[in-house]
Amino acid sequence: MRIRATVAVASGALALSALAVPAAQADGGRSWTPDLGMTTPQQAPAKERMAARALTVNGDLKITKAVVNGGKPIVVGTTAPKKVSVVVTATDDSGIADVATALWIGSDIEADDSFGFSQNEKKASCKAVNATTSTCTLTVTVDPGWLINSDATTWKVAVAALSKDGQEVDNTAFAKTKLQRLSRLTVNAAPEPVKKGKTLTVTGKLSRANWETGTYKGYAGQSVKLQFRKKTSKTYTTVKTLKTSNTGTLKTTVKASVDGYWRYTFAGTSTTPAVTAAGDFVDVK
């Protein structure tokens, strides 16, 4: 069960409220209250609000770029919250006062099926590129305690900006970012040491975060490469490719020839990042 966020304007600057842990709901569902529209706490008269809207629609305020986590997928494990940066670039002839952001999924940001995480800060840290353009940084914390496995998908990036002359603009799906389930991969080559020409058994397991149970579960049916590096070499060579069992385990046999390191490597999928096990050294007698 999770809660979503609200964007509001406070004291003339944008603010995106942090997610709070909700009380249990009868239906066990996840909900939030999204609002990327700009409001004022003073509730200005209708005439003034219409004038502000005209400035927003007809003004030159633009959001030009938004980058989440340095452009890399957000990879989250089972327990530790992951704090990621959101860097927004915006421009206006008067300069940029503030920006706001949220990461979310669903059919529409105001729909019942939508869910997301909002920024941690009340105000962005903005650095002027020049008189009109600023790059502003915020952070968003993705907490696995609120995630379900189907959340490993593409998320939308909502962004709002406020200019120094009071213009406001927002885009609830300005950019995209990918959320993935952290992966783990093990390897063990035995026996150690082994006689030259004898059979070496290489086992391992590919697993990934199960956000619904808070554990790591075997990743079934995935192609994994077995690689070998001679003791005197710096380069690994693929020996064979095999698939994980229905519990994520790996097992194969090879002939021992020279001293070296054995490892498994997984290329990753859209929901799960690539991972490579540390090489296991085998002494060949």
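The values are calculated or read from the model by the stated rules, or taken from the named source; none is laboratory data. On a predicted model such as this, the values are computed, not experimentally measured, just so you know. Counting neighbours? That spans all protein chains shown, and the Cβs are built from the backbone with ideal geometry, glycine included. Accessible surface areas use protein heavy atoms only, side chains included; no ligands, DNA or RNA. Shrake-Rupley method; radii C 1.70, N 1.55, O 1.52, S 1.80 Å.
Residue-by-condition table, conditions (1) without any contact (Cβ under 8 Å) to a residue 12 or more places away in the chain; (2) surrounded by fewer than 16 Cβ atoms within 10 Å (Cβ to Cβ); (3) not polar (S, T, N, Q):
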{"site": "Y216", "(1), (2), (3)": "no, no, yes"}
{"site": "Q227", "(1), (2), (3)": "no, no, no"}
{"site": "T249", "(1), (2), (3)": "no, yes, no"}
{"site": "T253", "(1), (2), (3)": "no, yes, no"}
{"site": "S257", "(1), (2), (3)": "no, yes, no"}
{"site": "R263", "(1), (2), (3)": "no, no, yes"}
{"site": "V275", "(1), (2), (3)": "no, no, yes"}
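Taking the listed residues K83, K156, K176, K122, the one that is more than 24 Å from P273 (Cβ to Cβ) and among the basic types (K, R) is K122, with no other qualifying. For region 244-273, a residue qualifies if it is farther than 21 Å from T215 by Cβ and in a loop (DSSP other than H, G, I, E, B), and the qualifying residues are A256, S257, V258, D259, A267, S270.
Under the condition of being free of Cβ contacts under 8 Å to residues at least 40 places away in the same chain and of a type in the set (F, W, Y), the residues counted in region 143-179 number 0. Could you list, in sequence order, all residues of region 191-214 that are surrounded by fewer than 20 Cβ atoms within 10 Å (Cβ to Cβ) and in a loop (DSSP other than H, G, I, E, B)? Correct list: P191, E192, P193, K195, K196, G197, K198, E212, T213, G214. Here T238 passes the criteria (1) part of a strand (DSSP E or B); (2) free of Cβ contacts under 8 Å to residues at least 40 places away in the same chain; (3) surrounded by 13 or more Cβ atoms within 10 Å (Cβ to Cβ) except the one numbered (3). Looking only at residues in region 176-190 that are small (G, A, S) and open to solvent by less than 20 Å² (accessible area, probe 1.4 Å), the one that is farthest from A220 (Cα to Cα) is A189.
Does A80 count as more than 21 Å from T153 (Cβ to Cβ), assigned to a loop (DSSP other than H, G, I, E, B), in contact (Cβ under 8 Å) with a residue 24 or more places away in the chain and open to solvent by 50 Å² or more (accessible area, probe 1.4 Å)? Taking the combined requirement at face value, the residue does not satisfy it. The set of residues from region 127-148 being within 16 Å of V88 (Cβ to Cβ), open to solvent by 50 Å² or more (accessible area, probe 1.4 Å) and not in a loop (DSSP other than H, G, I, E, B) comprises K127, A128, T137.
Scanning region 95-126 for residues that are of a type in the set (D, E) and either under 12 Å from the mean Cα position of the chain (by Cα) or part of a strand (DSSP E or B) (or both) turns up just one, D98. Could you list, in sequence order, all residues of region 149-172 that are part of a strand (DSSP E or B), more than 14 Å from V86 (Cβ to Cβ) and hydrophobic (A, V, I, L, M, F, W, C)? L162, V169, listed by residue number. Answer yes if at least one residue in region 193-207 is basic (K, R) and in contact with a Gly (Cβ under 9 Å, 6 or more places away or on another chain), and no otherwise. There is at least one residue in region 193-207 that is basic (K, R) and in contact with a Gly (Cβ under 9 Å, 6 or more places away or on another chain).
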